[in-house]
Structure formats: C-alpha cells, structure tokens
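In what follows, a single structure is set out as structure tokens and then discussed.
The values are calculated or read from the model by the stated rules, or taken from the named source; none is laboratory data. This structure is a prediction, so every number in the text was calculated from the model and none was measured. A quick note on method: Cβ atoms are made from the backbone with ideal geometry, for glycine too, and the neighbour counts reach across all protein chains shown.
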C-alpha cells in the first residue's frame with residue numbers, strides 16, 4: 001500500500017488523524033488536555049503485529065480513508081429525516097445556518113450547509129442519482145428561487161381569480 005499512497009499510510013499510522021474518541025489527560029498544572037485517539041475497535045484492527053481478517057481491514061480502510069464521506073452522507077440523511085419528522089414540513093427548506101439540536105441524533109450536524117452543498121453538487125451534475133432520489137423522497141428543495149417564484153405566481157393567480165383581472169385597478173389605468 002505504501003507504494004501506492006504514502007499519505008494514506010501515514011494517516012493510518014497516526015492515531016490523531018481520523019479519530020473516534022477524545023482521550024483526556026491532565027497536564028502538570030492539573031488542566032485537562034484533550035488529544036484525539038483512535039476508537040477501541042480501530043486500535044485493535046490497526047495493531048499489525050497480529051494476523052488480521054483482510055476483508056475487515058479492507059472495509060475499515062474503505063470507510064475511514066477511501067470513502068469517509070459515506071458516514072457524513074448517512075448522518076446528513078438521518079438529520080434530514082429527523083428535520084422532516086420534527087417540523088412536519090413537506091419540504092426540506094432548511095435555513096443555511098441551521099444546526100441540529102443537541103437532543104437529536106445526529107446532534108450538532110450542520111444540516112443547512114450540508115443541504116446547500118448537496119444542491120451545488122447536484123447543479124454541477126456530480127450528485128449520484130441514488131442520492132438525488134433519496135433527497136427528493138424527503139422533499140428536497142433544489143432551488144429556493146424556483147420555489148419562491150412558484151409561490152409568487154400562485155399568489156398572483158389566486159389574487160387575479162378573486163378580483164377578476166391581472167392587475168390592481170390603480171395600475172391598470174396607468175400607462
């Protein structure tokens with residue numbers, strides 16, 4: 001593996017990178033000092049002095065190194081499902097700065113920015129069709145401008161239907 005990607009191997013060898021937990025220690029002055037460490041399952045798997053199941057090791061490398069965004073994707077979808085459930089909204093119209101509350105799973109997830117990133121990726125034609133379908137099934141709003149335009153058009157049509165013309169009377173005579 002080292003011949004193929006030196007940086008990947010260096011990341012695997014350094015437990016502070018791609019960690020799973022915080023190890024809290026005390027300094028000489030008694031202050032808490034946190035340093036990220038690998039989770040217990042990761043430490044066991046990455047102990048190379050004993051035989052390892054190659055399939056398990058390959059899965060670990062794939063999920064933690066090669067495709068770590070899959071975990072982030074699953075957390076995003078989980079946050080979307082919870083948002084729709086909690087708000088009763090039929091659409092994923094989430095404010096850009098929205099972060100999931102501490103009582104949710106996942107807690108503290110930047111849902112608003114995550115959805116904005118999915119919109120950008122979709123607009124660029126780089127979002128996997130399966131992911132597009134998953135988000136669409138949750139009521140994804142792909143363009144806030146399109147939704148706002150449709151809502152304005154619907155309101156205008158409703159007003160015209162009630163008043164029997166397209167423009168308010170004061171504007172209709174101006175010209």
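Look through the stretch 99-115, keep the residues that are touching a residue at least 24 places away in the same chain (Cβ under 8 Å) and out of contact with any helix residue (DSSP H, G or I) (no Cβ under 6 Å at 6 or more places or on another chain), and return whichever of them is farthest from residue 80 (Cα to Cα). Let's see the steps before the verdict.
Just the residues of the stretch 99-115 that are touching a residue at least 24 places away in the same chain (Cβ under 8 Å), to begin with: 104-106, 109, 111, 114-115.
In the following step, the residues that additionally are out of contact with any helix residue (DSSP H, G or I) (no Cβ under 6 Å at 6 or more places or on another chain) were identified as 105, 115.
On the way: 105: 11, 115: 9 Å.
Only one residue tops the list, namely 105.
Which condition breaks for residue 43 when tested against (1) assigned to a loop (DSSP other than H, G, I, E, B); (2) at pLDDT below 80?
(1)
Where in the stretch 118-175 are the helices (runs of 4 or more DSSP H), entirely inside, with at least 3 residues that are over 26 Å from residue 88 (Cα atoms) and modelled with pLDDT under 60? Before the answer, list the steps.
Details: elements: 129-137, 144-163, 169-173.
By residue number, 169-173.
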